[in-house]
């Protein structure tokens with residue numbers, strides 16, 4: 001992808017992350033949403049988690065107040081774009097694939113999205129047309145309180161094994177909660193890792209501004225065999 | 001390696017991949033061959049998969065029509081260089097190691113190849129001499145049809161678990177084949193992942209323009225316990 | 001982190017490594033010490049392995065003869081800084097977090113250290129003050145000879161499975177040793193990998209200028225189930 005970009009534009013390319021789990025559009029959308037605002041205005045995000053590659057899903061560009069998002073139309077950039085303010089949505093023409101000199105049905109990152117991003121930077125907008133119809137929507141923050149518990153999702157497992165949820169700081173602060181019950185374990189809600197002993201579980205509002213479950217200096221997700229998807233926590 | 005390069009030249013450094021499996025020269029040669037042509041003319045590829053580090057293999061530079069390949073003489077850049085057209089082959093003098101300030105017998109990437117690449121960019125050709133003899137050759141595309149089956153190689157397993165072979169599009173298209181038999185399983189040859197149900201196996205001409213075996217939205221290589229090396233497929 | 005840096009400065013950002021094992025300050029200190037000197041004078045190293053994030057440990061900057069080290073005060077940059085010559089130590093003011101627009105208790109890499117590094121590059125020193133007190137010290141090279149054996153540490157396990165120790169070339173050369181005994185196995189000390197057969201163990205002075213234990217073209221650490229921490233070797 002970088003080679004294709006370099007042939008079209010000299011502008012800088014930054015790797016945001018290569019650690020999204022295969023085909024996990026929700027995780028990709030979450031990480032993009034948590035990172036995009038730290039980048040300078042005008043940044044073009046080429047965001048490709050694409051289980052439908054080669055199929056019917058459209059290849060689009062969303063122009064927002066401050067950024068460009070180049071992506072498959074599967075919702076990956078939708079939460080970020082809505083938050084920043086959508087101005088217009090374009091469809092990428094297949095003519096962009098001439099710039100990679102190839103057109104595979106398995107790697108549109110290289111053949112469609114990389115050249116599209118570079119062409120935008122160069123202002124060559126003849127390779128884009130108006131997108132008709134509605135983009136695929138995706139709701140990142142669908143955690144909900146039910147009786148004495150909260151049902152959210154594990155949306156990311158980082159390399160330290162922290163289980164990052166989509167339960168927001170606001171949802172936590174609305175209740176005067178001191179911790180959670182998870183599979184029979186009490187997990188205190190703390191301000192910093194050092195508030196519990198090494199090897200003990202803790203819950204903390206992390207850098208995504210959502211609830212994370214951790215084992216201090218150890219791997220929570222491996223220890224509790226946690227995977228992506230729904231998670232239920234009792235209030236304490 | 002990047003620090004050593006930065007001390008010699010200000011030119012941009014791009015990471016092509018860090019995901020080649022240890023000591024797998026064939027995989028490195030395949031990935032380089034599939035990627036080099038997407039880069040601008042004049043690119044210098046520092047290509048180091050080097051099980052013979054510290055031993056007798058030469059450290060060379062191959063100048064081709066459009067590129068420079070800096071590498072151990074073990075065949076890693078040979079298929080790419082032949083395809084682009086070899087103009088001349090140089091031997092790297094040991095004097096380049098003065099630029100890293102070190103000379104280990106285990107990390108010539110840092111001590112030999114990184115400074116050599118940067119010195120070429122700066123035109124300091126006094127650190128190179130004519131290479132006498134023949135470079136090590138390597139044949140990437142040695143798959144062959146035998147009776148009712150094709151014998152090729154798994155040359156790369158990507159992070160999604162797709163088993164990428166060296167069986168080319170041309171070899172497939174020469175026969176009117178609709179799929180393959182693999183260890184008693186029928187695997188249809190399809191145009192896109194969505195042509196089979198989730199979790200089902202499929203064969204597809206992938207982004208390397210060769211045959212790949214996949215499980216839709218799952219990990220083929222883990223599921224079938226596939227490793228590098230020979231693979232036999234029956235025709236259907 | 002890169003987004004935050006880009007908002008403050010246009011200077012180039014290089015990834016040194018992302019492969020330090022979670023929370024392993026000693027490994028981080030070792031890899032930084034082995035790499036820093038290959039970078040141009042003036043380089044700013046943002047070095048964050050930070051098990052105490054959110055706690056009491058200070059966030060500091062060490063200015064040395066040639067470099068800047070931006071890091072938590074847990075010893076990670078101390079050996080490098082001492083070697084290059086410490087000129088002054090500053091404390092990072094919390095005001096730097098205004099540049100990330102966030103202040104989490106779990107990700108000071110993004111909220112403290114990345115903006116601090118970028119601000120130094122721009123000369124905006126009003127965000128730093130004198131550090132009072134002593135920085136945390138860390139001794140990388142604490143291997144010692146005891147009778148007929150040497151007791152060191154495995155400080156890094158690389159992606160090839162080589163077990164890199166902190167036993168230095170000098171410590172080895174002081175004795176006329178031809179190999180080591182490790183868990184009942186004889187491991188010869190060699191000059192290059194090819195000095196033993198494939199699959200056989202060997203000891204070699206590696207690119208860190210310390211002793212490494214390897215299996216030729218195989219994974220030593222997996223095979224011998226080696227982990228970080230103390231290692232005892234008999235002399236042969």
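Candidates in the stretch B:5-48 are the residues that are at the interface with chain A (Cβ under 9 Å from one of its Cβ atoms) and either in a helix (DSSP H, G or I) or touching a helix residue (DSSP H, G or I) at 6+ places or on another chain (Cβ under 7 Å) (or both); of these, the one that is surrounded by the most Cβ atoms within 10 Å (Cβ to Cβ) is B:36.
Residue A:79: modelled with pLDDT of 95 or more and either outside the structural domain of residue A:54 (by TED's automatic domain parsing) or not in a strand (DSSP E or B) (or both), yes or no? Talk me through it step by step, then tell me what you get.
Numbers: modelled with pLDDT of 95 or more: yes; either outside the structural domain of residue A:54 (by TED's automatic domain parsing) or not in a strand (DSSP E or B) (or both): yes.
Spelling it out, residue A:79 is indeed modelled with pLDDT of 95 or more and either outside the structural domain of residue A:54 (by TED's automatic domain parsing) or not in a strand (DSSP E or B) (or both).
Taking the criterion of being more than 10 Å from chain C (Cβ to nearest Cβ), touching a residue at least 40 places away in the same chain (Cβ under 8 Å) and either over 17 Å from residue B:58 (Cβ atoms) or part of a helix (DSSP H, G or I) (or both), the residues of the stretch B:82-114 that qualify are B:83, B:84, B:112, B:113.
Any chance the stretch C:65-72 includes a residue that's in contact with a strand residue (DSSP E or B) (Cβ under 9 Å, 6 or more places away or on another chain), assigned to a loop (DSSP other than H, G, I, E, B), over 27 Å from residue A:198 (Cβ atoms) and within 13 Å of another protein chain (Cβ to nearest Cβ)? Yes, the stretch C:65-72 has at least one match. Flag not set for residue A:196, criterion: assigned by TED's automatic domain parsing to the domain that holds residue A:226 and crowded, with 22+ Cβ neighbours inside 10 Å.
Out of the strands (runs of 3 or more DSSP E) lying entirely within the stretch C:134-229, which hold 1 or more residues that are within 16 Å of the chain's Cα centre (by Cα)? First the steps, then the outcome.
Values: elements: C:144-146, C:149-157, C:163-168, C:179-182, C:185-190, C:201-205, C:210-215.
Fully inside the stretch C:134-229 and qualifying: C:149-157, C:163-168, C:210-215.
As a summary of the residue check, residue B:81 satisfies the conditions (1) under 23 Å from residue C:194 (Cβ atoms); (2) crowded, with 19+ Cβ neighbours inside 10 Å except for the one numbered (1).
The values are calculated or read from the model by the stated rules, or taken from the named source; none is laboratory data. Only a predicted model underlies this, so the values are computations on that prediction, with no experimental measurement involved. Heads up, the Cβs are rebuilt from the backbone with ideal geometry, glycines too, and the neighbour counts pull from every protein chain shown.
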